């Protein structure tokens, strides 16, 4: 593509996390195709407009593709060439004429538990706190965990039915402030990859350190501070596609196809195929009470899954990378039997 040709337009949501992911993809695009021109197009999605809606209300009918539909419309109308998604938000059935063209290398897929630290004697605070290295087993009976994810809620209550789970909304910064400042919330859970992409880091004793502030120019602990601890997949199985950035494009678009081929991480792609096949076969979306996580173990693809559609059912399968989709379908059938 010569410099005189139209730029490749990357469509994205306008949330801080979506923009961080898109600018990371943009840097990869420019590195792979230095002679091409690229633009970022911010599009407000249905999910962005429904910030007050409950994503975890089982009797509330919410549209599929809450955070993707408008981006796909932009692709189909040729207002954009590639849509950048958090893969866990992308429905397993994409519209005719579109395809999941590529995925980036998976970041840390784990969830983190976020909570207030214990304060020294005599210091007041928003509520009770806990020591570094807290585990789910350490939480006192009746502790309140805020999450709007049915996947997290069901796995949490399967291990600790004595805990209280309430909803929480807002972006990452808002959720961190709620944990730090609201006495009625003891902890929440967030994706480790989302925190990292926003520039948060883990400090000493599990302290969460904020990214550099534009005004201050330096990182600082969240004030009031919060602590974090990583939850292994054995404790909290990730969402399908968690920590993966997906690139959706039009079928037959030669520029987008070339771009996606250059950016695609083949190992992550196989894992994503297995997980998404599992979710598709379960007939669910990103808010279904199911989870799946695939990774390579030697030359074998290892897929683990859990479903709460018929009680708590867990399973795992091993296969070759070429069997990725059939592994997902077979595991879903096993858990639905």
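The figures follow:
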| quantity | calculated |
| --- | --- |
| Efficiency of FRET between residue 135 and residue 181 - r from beta-carbon atoms, R0 25 angstrom, step 0.05 | 0.55 |
| Value of relative contact order over the chain, rounded to a whole percent, pairs C-alpha under 8 Å and six or more apart | 20 |
| On Cα atoms only, tilt of 16-32 relative to the major axis of the chain in degrees | 40 |
| Modelled FRET efficiency - R0 25 Å, residue 76 with residue 31, Cβ distances, 0.05 increments | 0.30 |
| Inter-label distance for residue 93 and residue 23, nm, one decimal - labels placed 7 Å from Cα along Cα-to-Cβ | 3.7 |
| Most mobile of 265, 186, 81 in a GNM of the chain (Cα contacts under 10 Å) | 265 |
| C-alpha long axis of helix 254-263 to longest principal axis of the chain, angle in ° | 40 |
| Highest-first arrangement of 330-337, 159-166, where packing means the average Cβ count within 10 Å | 330-337, 159-166 |
| Centroid-to-centroid separation of region 290-327 and region 134-187 [C-alpha atoms, Å] | 27 |
| Dimensionless Rg over Rh [the chain; C-alpha; Kirkwood] | 0.98 |
| Sites residue 108 and residue 326 - FRET efficiency at Förster radius 22 Å, r taken between beta-carbons, to 0.05 | 0.20 |
| Kirkwood-type radius of region 265-337, with distances r between different C-alpha atoms, in Å | 11.8 |
| On Cα atoms only, tilt of 324-336 relative to the major axis of the chain in degrees | 40 |
| Extended-chain gain in nm, criterion 0.36 nm per residue less alpha-carbon gap, residue 157 and residue 264 | 34.9 nm |
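Read-outs throughout are calculated quantities, based only on the coordinates presented, and are distinct from any laboratory measurement. In this text, all values refer to a predicted model and were calculated from it rather than measured experimentally. Every residue, glycine among them, receives a Cβ derived from its backbone with ideal geometry; neighbour counts consider all protein chains shown.
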